Amino acid sequence: MDANPIILAIPEINLNSGTGKIPVLGFGTASDPPVDSETTKRAVLEAIQVGYRHFDTASLYNSEKPLGEAVVEAVNRGLIKSREELFITSKLWCNDAHGQYVLPALMKTLKNLDTGYVDLYLIHWPVSAKPGKMEYPIKEDDFLPMDFATVWAAMEECQRTGLTKSIGVSNFSCRKLQEILDIAKIPPAVNQVEVNPCWQQKKLREFCKDRGILVVAYSTLGSVGTFYGTERVLESEVLKQIAQAKGKTVAQVCLRWAYEQGIGLLVKSFNKERMEQNADILGWSLSSEEVDKISKIPQGKVCLGLDYRSVRGPYKTIEELWDGEI
Ligand code: A2P
């Protein structure tokens with residue numbers, strides 16, 4: 001493996017925490033169906049070689065350990081000088097989303113990653129589950145409402161200790177974000193949510209922009225191949241026409257579109273060729289006519305979060321989970 005990245009400079013965005021810049025393009029490490037650790041480690045090493053510098057993991061994904069091992073190996077092989085060259089995000093799982101368990105959960109994440117800090121630590125979903133063993137899917141009876149005040153205070157403490165440089169949330173609606181903002185001493189730096197041309201999240205993006213919160217997109221390609229994903233994005237006729245006219249792939253058009261919206265974006269591919277293709281979104285642009293066509297694509301949420309509603313939990317319907325933003 002040589003140490004010269006194929007893509008050289010992915011732009012970075014300042015986070016409102018003032019403690020770091022986030023590379024706009026991030027590499028997703030969640031695999032569905034699951035893969036073994038060696039496969040994840042190899043993919044991360046290839047991604048570092050390609051030039052990705054932002055990696056997204058979560059305690060749920062079983063990718064923290066292989067990501068940490070890949071980083072150590074990347075330093076040993078001279079692909080990067082040190083871990084400081086990377087931006088690593090991880091997430092708090094629902095069973096640990098209780099004031100007293102947040103810091104221990106982050107410590108475990110750091111141990112898995114074999115690092116002294118993460119760059120960004122997110123509340124994975126706006127719901128808690130019975131403390132104890134990590135479970136997914138969460139059993140109907142194990143859901144609990146999240147006490148935003150104590151959980152967010154514990155997240156703030158994580159930032160104060162320096163174990164994470166920034167804190168944020170994931171899968172939060174405008175209303176739930178406002179609840180956090182109302183009690184926060186440190187506002188969330190990021191809300192990581194689904195954004196793609198078929199689910200553009202205009203209202204949520206506007207809300208976040210006005211409050212200095214960066215939206216980071218997941219399912220930018222519609223998470224095709226996963227249990228909740230769809231082909232709707234990569235098979236969109238509008239996107240296919242634009243891609244053909246530009247000599248790009250539909251995936252590149254999706255990623256370039258997200259980039260031009262001024263948000264952060266994640267994409268997962270463990271295939272080297274697609275990894276390179278997905279990173280090749282700089283140095284060209286969409287015309288205003290193309291952006292306009294994309295803005296008219298019929299909208300439909302891909303990641304509905306069906307696993308997070310429960311007749312015995314705080315969100316009995318997906319409308320309640322997303323506060324009608326669906
Ligand atoms: P693979 O890892 O085999 O490349 P998302 O980032 O929206 O969750 O999408 C991830 C899914 O899309 C994965 O199944 C991934 O498969 C696939 N994928 C990633 N990049 C591309 C691409 N450029 N073209 C087609 N499929 C892609």
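Can you tell me the FRET efficiency between Asp182 and Val224 if r is taken as the Cβ-Cβ distance and R0 is 35 Å, rounded to the nearest 0.05?
0.40
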In nm, the gap between the two label points placed 7 Å beyond Cα toward Cβ at Glu319 and Thr161 is 4.2
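To the nearest 0.05, how large is the calculated FRET efficiency for Lys246 and Asp141 if R₀ is 41 Å and r is the Cβ-Cβ distance?
On the way: r = 51 Å, r/R0 = 1.25.
FRET efficiency, Lys246 to Asp141: 0.20.
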Toy charge model, Lys and Arg Cβ at +1, Asp and Glu Cβ at -1: segment 12-322 dipole around Cα centroid in debye, rounded to 20, equals 260
Whole-percent tail of the Cα-Cα distance distribution for segment 144-196, cut at 16 Å, equals 39
Under the Karplus relation with 6.51, -1.76 and 1.60 and θ = phi - 60°, whole-Hz ³J(HN,Hα) for segment 43-60, x at Gly and Pro, equal 5, 5, 4, 5, 5, 4, 5, 5, x, 5, 10, 10, 10, 10, 9, 6, 4, 5
Of every hundred units of 1.4 Å-probe accessible area on the chain, the number belonging to carbon and sulfur atoms, as a percent, is 51
Only helices counted: for the chain, with every DSSP H run of 4 or more residues adding -39500 (n - 2.57) and the sum spread over all residues, [θ] at 222 nm is -10500 deg cm²/dmol
Zone reached by a paramagnetic label modelled 7 Å from Lys203 Cα along Cα→Cβ, restricted to segment 248-263 with backbone N below 20 Å, covers none
Here P(r) for the chain, Cα-Cα distances in 10 Å bins, as whole percents, is 6, 27, 37, 24, 6, 0
Of all stretches in the chain that avoid GluC sites (Glu not before Pro) placed in a DSSP loop and having at most 15 other Cβ atoms within 10 Å, the longest is 1-134
Checked segment 1-88 with the C-alpha gyration tensor, a ≥ b ≥ c its square-rooted eigenvalues, rounded below a/c of 1.5, otherwise prolate if a/b is larger than b/c and oblate if not; verdict oblate
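How far, in nm, would the chain grow between Asn271 and Ser285 when pulled straight, counting 0.36 nm per residue and subtracting the alpha carbon separation?
Difference between extended and current length: 2.6 nm.
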In nm, the gap between the two label points placed 7 Å beyond Cα toward Cβ at Val35 and Ile326 is 3.1
Given pairs Lys65/Lys165; Lys21/Lys185; Lys202/Lys272; Lys209/Lys316; Lys108/Lys133; Lys21/Lys240 and cut-off 23 Å on Cα-Cα distance, the over-length ones are Lys202/Lys272; Lys209/Lys316; Lys21/Lys240
Taking 0.36 nm per residue of separation between Lys133 and Leu103 and subtracting their Cα-Cα distance, the length gained on full extension comes to 9.2 nm
Listed residues Gln277, Gln192, Gln201; largest mean-square fluctuation, Gaussian network over the chain with Cα springs below 10 Å, found at Gln277
per DSSP, antiparallel bridges as share of beta bridges in the chain, % nearest 5, sits at 20
GNM on the chain, Cα springs under 10 Å; top mean-square fluctuation among Ala47, Ala153, Ala217 goes to Ala153
So for segment 95-141, using the alpha carbon gyration tensor with a ≥ b ≥ c as root eigenvalues (a/c under 1.5 gives rounded; past that, a/b versus b/c decides prolate or oblate), I'd call it prolate
Stretched fully, the stretch from Ser295 through Val75 gains (0.36 nm per residue minus C-alpha distance, one decimal, in nm) 75.0 nm
Here the percent of antiparallel bridges among DSSP beta bridges lying wholly in segment 45-190, to the nearest 5, is 15
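With a 1.4 Å probe and all protein chains left in place, how much accessible area per residue does the chain have, in Å²? Before the final figure, lay out each step's value.
Details: 14060 Å² over 326 residues.
Using a 1.4 Å probe on heavy atoms only, each residue of the chain averages 43 Å².
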Residues of segment 249-263 with backbone N under 17 Å of the label point set 7 Å from the Cα of Glu231 along Cα→Cβ are 250-251
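The values are calculated or read from the model by the stated rules, or taken from the named source; none is laboratory data. Worth saying up front: this structure is predicted, and the values here are computed from it rather than measured. All Cβ positions, glycine included, derive from the backbone under ideal geometry; neighbour counts span all protein chains shown. When the accessible area is computed, the model is the full protein with side chains, heavy atoms only, and any ligands, DNA or RNA have been set aside. Shrake-Rupley method; radii C 1.70, N 1.55, O 1.52, S 1.80 Å.
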